[in-house]
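The values are calculated or read from the model by the stated rules, or taken from the named source; none is laboratory data. Keep in mind the model is a prediction, meaning the values are calculated, not measured. Neighbour counts are summed over all protein chains in view; Cβ atoms, including those assigned to glycine, are modelled from backbone coordinates with ideal geometry. The protein model used for the area step is the full one, side chains on, heavy atoms only, and it has no ligands, DNA or RNA in it. Shrake-Rupley method; radii C 1.70, N 1.55, O 1.52, S 1.80 Å.
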Amino acid sequence: MTEIIYYPICSLEKLPVGERLFVEVDEEPIVIFNFNGDIFAIADVCTHDQGSLGDGELEGYEIVCPRHGARFDIRSGEVVTLPAVNGISTYPTRLNKGMVEIGVEA
Ligand code: FES
């Protein structure tokens, strides 16, 4: 079984509803969303051409890559539309004593 290590990122107050935060965990660029109170974390790298994904528009649960428009579901990482064909990584999140934490495989 793969071990997951949770890293504290920030207090929940620093990530209000509708906001996003860019971080690096284990040298991986990650963007974290507070979507209506639920926290989601995805890799900030589009699988189409390795562009930064995190600045894209969020339409419902879909993030739209600002470079060529591929869409991904931030809950699962699944690709929704071309030109990307592969999904992106997602990371488990949790709240621990008011802190947002992200899980990364050990
Ligand atoms: S780099 Fe994201 S769609 Fe091309």
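Some points to look at:
- For the range 4-105, the alpha-carbon coordinates run over 40, 26, 17 Å along the three principal axes, in decreasing order.
- Accessible area of the chain divided out per residue, in Å², using a probe of 1.4 angstrom: 57 Å²
- Residues whose amide H lies under 5 Å from that of Leu53, counting only those 5 or more places away or on a different chain, are Val45, Cys46; hydrogens are built 1.01 Å from N in the peptide plane.
- Each part gets one Cα centre, and for the range 1-29 versus the range 41-106 those centres are 13 Å apart.
- Cα-based convex hull, the range 50-94, per residue volume (Å³, whole number): 77 Å³
- Annotation: amide H of Ala84 within the under-5 Å range of Ala70, Arg71, sequence separation 5 or more or interchain, hydrogens built in the peptide plane.
- Protein-only accessible surface at a 1.4 angstrom probe places the residues Tyr7, Tyr91 in the order Tyr7, Tyr91, largest first.
- Solvent-accessible area of the chain (1.4 angstrom probe, protein heavy atoms only): carbon and sulfur portion equals 46 percent.
- Close amide H pairs (under 5 Å, H built 1.01 Å from N) link Cys10 with Val100, residues at least 5 positions away or on another chain.
- Rounded to whole numbers, the Karplus 3J(HN,Hα) couplings from phi for the range 76-88 are 10, x, 5, 6, 10, 9, 4, x, 6, 10, 10, x, 9 Hz, using 6.51 cos²θ - 1.76 cosθ + 1.60 with θ = phi - 60°, and x at Gly and Pro.
- Burial order of peptide ranges 14-23, 97-106 (average beta-carbon count within 10 Å, highest first): 97-106, 14-23
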